[in-house]
Amino acid sequence: MQIESLKVFCDLAETESFTKAAQINHITQSAVSQQISSLERQFKALLIERSKKKFRLTREGQVLYDASKHIVQTYETLHTQLQELKDIISGTVRVATIYSIGLHALPPYIKRYLKDYPTVNVHVEYRRANQVYEDVLGNVVDIGLVAYPHRDGKLEIVQLPREPMKLICHPQHALARSKSVKISALAGQNFIAFESDIPTRRAIDKVLREHGVQVVPVMEFDNVETVKRAVEIDAGISIVPVSTIAQEVAKQTLVAIKIDDADLSRPIAAIHKKNKVLSTAMKQFISLLKEER
């Protein structure tokens with residue numbers, strides 16, 4: 001029996017998916033099945049209920065998972081400590097991020113990180129917010145990057161610098177001549193919104209309600225790129241993170257306007273599972289993200 005087999009078993013137990021366990025460990029689903037069968041032969045016990053559609057550990061499987069998790073964490077801690085003693089920073093950092101952060105705010109940090117630590121491989125997945133949480137809790141990734149983080153007893157939340165947001169409009173829009181406006185100026189305006197389940201949408205709606213401002217939602221999209229395209233054709237105005245509009249403002253296809261009397265900066269956080277052993281590479285990655293740009 002090898003520690004790698006115990007890790008595969010733990011990943012399978014946590015994700016409840018042979019596909020995800022294979023993905024995490026960079027092996028085939030067949031290899032996952034073979035390693036589980038090998039453990040069952042070794043311990044002479046059935047570890048997974050195979051007769052039911054829903055994934056379920058047997059009592060023996062639960063006992064093995066609890067013990068294996070401790071063994072794997074101890075091994076990973078030892079490996080990290082030995083690397084730190086040798087001043088070695090290498091390995092892989094798996095990141096899941098919402099689109100607006102991953103496509104716009106994150107790239108400068110990745111560039112700087114890889115320059116400082118060229119032997120580290122950073123793998124980035126672009127996901128919706130709910131999927132980022134699922135990937136972190138399922139151990140599919142090491143770190144998640146989200147806006148408006150919600151508390152979860154299974155997660156550690158590392159607050160990162162807040163990100164300002166601004167009103168955007170077409171250059172010919174009536175508001176485009178203003179460098180800043182009161183939030184009341186948005187009343188009655190056609191508004192390009194994010195979809196209702198996206199945290200940034202819920203936060204913007206809350207600010208508008210608190211100020212008694214009603215806009216006219218004309219379109220809803222699940223990503224900031226499509227929101228910007230709709231504003232560029234003058235379908236309406238919107239509120240988006242500042243980091244996402246640098247190119248459009250420079251090309252003068254969009255105008256960005258500050259809203260004076262409302263706090264529209266959004267909290268950003270890195271999340272990871274509680275009790276997860278963070279490698280030196282992961283710690284340095286989070287440390288870099290905490291720095292102001």
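Residues in region 115-134 include none that are under 21 Å from L103 (Cα atoms), in the same structural domain as S243 (by TED's automatic domain parsing) and not charged (D, E, K, R).
Region 199-281 holds strands (runs of 3 or more DSSP E) entirely within its bounds, and those carrying 3 or more residues that are crowded, with 18+ Cβ neighbours inside 10 Å, in contact (Cβ under 8 Å) with a residue 40 or more places away in the chain and in contact with a helix residue (DSSP H, G or I) (Cβ under 7 Å, 6 or more places away or on another chain) map to 238-241, 255-259, 266-273. C169 satisfies every condition listed in (1) buried (at least 19 other Cβ atoms within 10 Å of the Cβ); (2) over 24 Å from A250 (Cα atoms); (3) in contact with a Leu (Cβ under 9 Å, 6 or more places away or on another chain) except (2).
What's the total number of residues in region 36-74 that are over 17 Å from D11 (Cβ atoms), within 28 Å of the chain's Cα centre (by Cα) and of a type in the set (S, T, Y)?
0
With a requirement of 3 or more residues that are touching a residue at least 60 places away in the same chain (Cβ under 8 Å) and surrounded by 15 or more Cβ atoms within 10 Å (Cβ to Cβ), the helices (runs of 4 or more DSSP H) lying completely within region 1-78 that satisfy it span 3-15, 18-25. For region 86-102, indicate whether the set of residues that are surrounded by 15 or more Cβ atoms within 10 Å (Cβ to Cβ), in contact (Cβ under 8 Å) with a residue 24 or more places away in the chain and over 30 Å from S265 (Cα atoms) is non-empty. Yes. Suppose the filter is within 30 Å of K69 (Cα to Cα), crowded, with 17+ Cβ neighbours inside 10 Å and of a type outside the set (A, V, I, L, M, F, W, C); does R127 pass it? Yes; evaluated as a whole, the condition is true for this residue.
The values are calculated or read from the model by the stated rules, or taken from the named source; none is laboratory data. Remember, it's a predicted structure, so these values are computed and weren't measured experimentally. Heads up, the Cβs are rebuilt from the backbone with ideal geometry, glycines too, and the neighbour counts pull from every protein chain shown.
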